Amino acid sequence: MKTTFAVVCAAAAATTVLAQPEKDWRKAPDFVTVLQRNFKAWDKDKNGLLSPAEIEEVLTDPKLKGEDAAAAATVKCVARDKFYVVKRVDVPTIKEDIRLTSKRERGREPGDDWLLPNWQQAFTVVWWRVMNWDEAKGAGVPTDISTLGIHYYGSRVFPVVLAGLVTQQPQAAQGMVSAGVGGGKTKIETPLWSVEIDPVTIAQGASCSTFGNAWARTVECGLDAFNAERFPQATFNGKTATFENLFHIVQDYITLLTGRQSTVMYFRAATGGRNGQQFDYQPLGNPEGLATSLVQPVGQALTKKRVVVARGDNNTMMGANTKGPAKLVSLPPGIPPFVCATVLSMDAKNITLWMVDSGNFSPKGAPSITNGYAITGGKLTMPVTDFVQVFSGIVIETDSAGSIPGQSRRNR
């Protein structure tokens, strides 16, 4: 079952149509111009490249405002979770990326350029965040997880795992952030790590995956600071996550936020490469069998208030059954490409999820893979037999204590 995997990784960026925010986003400055103006000052080691550590240092500057803050935040936001190819951060490379992405045509056979970020579009989104900055918005652990939704760019995984923590383990979430611990700093603490950070700057906040919740931004900035300490020599190297890495990233976030290990149950296998090459997908069972295999482990995990996260690709694998062999078809309407979702509940027949980058949707006709399912605030309920065809696998937090994941796990 072959499909071009480039689409899986970049379809969201290639097909996204920006919503019109309160302030005129069409007046966003030119990203290259802003980056070029600041490049010399930001390039501390004068090697002609901006490193993750240099960007992190710039973001923590409370004096950085406006379009300058947006430019630095754009680099950080785009590079999260290796969703896009960020080969290197210098002006010539960014210009070439923009040249290539400006020539992308909808409907043509995807190629390597589909994995490149649309830097100007990303900058426009982040610039809007800076212009609409509200430092106090969403202070405290959210009671409505829809406020954790992403705004086009950023990690899809972090908000989903955080939503699972907030939903399943609210007391643990409440104890993660302590303000005013000394010198105006805020302490972020989990079972495996802790860090103290200065108040979140506008640039840091704009670089975060979740823009609508100040508490979530603080947690993510704390995790950023912790990772910066762990990986001071990290580079932008053009690598993107493999099929297995997509689930490893979920596992890493679960361990880092809950302190426990997790296990993966795959619904399909994938072989092959990326960057214009193809994955060969094969189902790991028929829908009925896969659905049955989920009932006990997911049910037990949710009973124990564990985090459960599902990941999808850019297609639905209609599983092999008595009606014929497996085949690839489009995702149901309303479900975004490369979907990531936290599982809220499940029984033998249905599963309820919250998707990080989806809003509302009403199907035309009976709910199905073809027509889609009713979605409200990113939440939807679907048959488990459909779920195992639409999604690629599920990650389940276990009872076992975890350890801080190493650099190789996420292919940094």
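Can you tell me which aspartates and glutamates have their Cα less than 18 Å from the Cα of Lys185? Leave out same-chain residues fewer than eight positions away.
Glu56, Glu57, Asp61, Glu135, Glu196, Asp198, Glu220, Asp224, Glu229
Starting from the Cα of Lys349, draw a straight line to each of the lysines and keep only those under 21 Å, dropping any in the same chain fewer than 8 residues away.
Within reach: Lys304, Lys305, Lys323, Lys379.
Using a Förster radius of 25 Å, what is the FRET efficiency between Asn38 and Lys87 based on their Cβ-Cβ separation? Nearest 0.05, please.
So the FRET efficiency works out to roughly 0.80.
Taking the Cβ of each residue in Ser293, Ser362 as the centre, tally the other Cβ atoms inside 10 Å and list the residues starting with the fewest.
Ser362, Ser293
Take the Cα of Val295, step 7 Å along the line toward its Cβ, and report every residue of region 328-361 whose backbone nitrogen sits under 17 Å from that point.
Counting only backbone N, you get 345-352.
Could you tell me whether region 153-206 comes out rounded, prolate or oblate from its Cα gyration tensor? Rule is a ≥ b ≥ c as square roots of the eigenvalues, rounded for a/c under 1.5, then prolate if a/b exceeds b/c, otherwise oblate.
Judged from the Cα gyration tensor, region 153-206 comes out oblate (a/c at least 1.5, b/c at or above a/b).
When a footprinting reagent is the concern and you count Cβ atoms within 10 Å, what order do Glu57, Glu397 take, fewest first?
Glu57, Glu397
Which one, Gly393, Phe338, Ile351, projects farthest toward the positive side of the charge dipole computed for region 243-410 from Cβ point charges (K/R +1, D/E -1)?
Highest projection toward the positive end goes to Ile351.
Name the residue from Thr258, Ala234, Asn286 whose Cα lies farthest towards the positive end of the charge dipole of region 206-316, charges +1 on Cβ of Lys and Arg and -1 on Cβ of Asp and Glu.
Thr258
Sort 40-49, 236-245, 300-309 for me by packing, meaning the mean count of neighbouring Cβ atoms within 10 Å per residue, highest on top.
300-309, 236-245, 40-49
How many angstrom lie between the Cα centre of region 342-366 and the Cα centre of region 191-226?
So the separation of the two Cα centres works out to 28 Å.
Could you work out how far the C-alpha centroid of region 119-177 sits from that of region 286-302, in angstrom?
Between the Cα centres of region 119-177 and region 286-302 lies a distance of 30 Å.
Quick check on region 204-308: take the gyration tensor over C-alpha atoms, sort the square-rooted eigenvalues as a ≥ b ≥ c, and tell me if it's rounded (a/c under 1.5), prolate or oblate.
Oblate, because a/c is 1.5 or more while a/b does not exceed b/c.
Quick check: net charge around Val295, other residues with Cβ under 11 Å of its Cβ, Lys/Arg +1 and Asp/Glu -1?
It works out to a net charge of 0.
Relative contact order for region 243-410: what is it in percent, counting Cα pairs under 8 Å that are at least 6 residues apart?
31
Which of the three applies to region 176-224, rounded, prolate or oblate, going by the alpha-carbon gyration tensor with a ≥ b ≥ c and a/c under 1.5 meaning rounded?
Because a/c hits 1.5 or more and a/b fails to exceed b/c, region 176-224 counts as oblate.
What pairs from Lys82/Lys103; Lys95/Lys327; Lys87/Lys327 go past 30 Å between their alpha carbons?
In this structure, Lys95/Lys327; Lys87/Lys327 lie more than 30 Å apart at Cα.
Sort Ser209, Ser345, Ser51, Ser403 by Cβ crowding within 10 Å, fewest neighbours at the top.
Ser403, Ser345, Ser51, Ser209
If packing is taken as the average count of other Cβ atoms within 10 Å, what order do 256-264, 370-378 fall into, highest mean first?
256-264, 370-378
All of the numbers you see were taken from the coordinates with simple rules; none came from a lab. The shown structure was predicted, so the numbers you read here are calculated from the model rather than taken from an experiment. Every residue, glycine among them, receives a Cβ derived from its backbone with ideal geometry; neighbour counts consider all protein chains shown.
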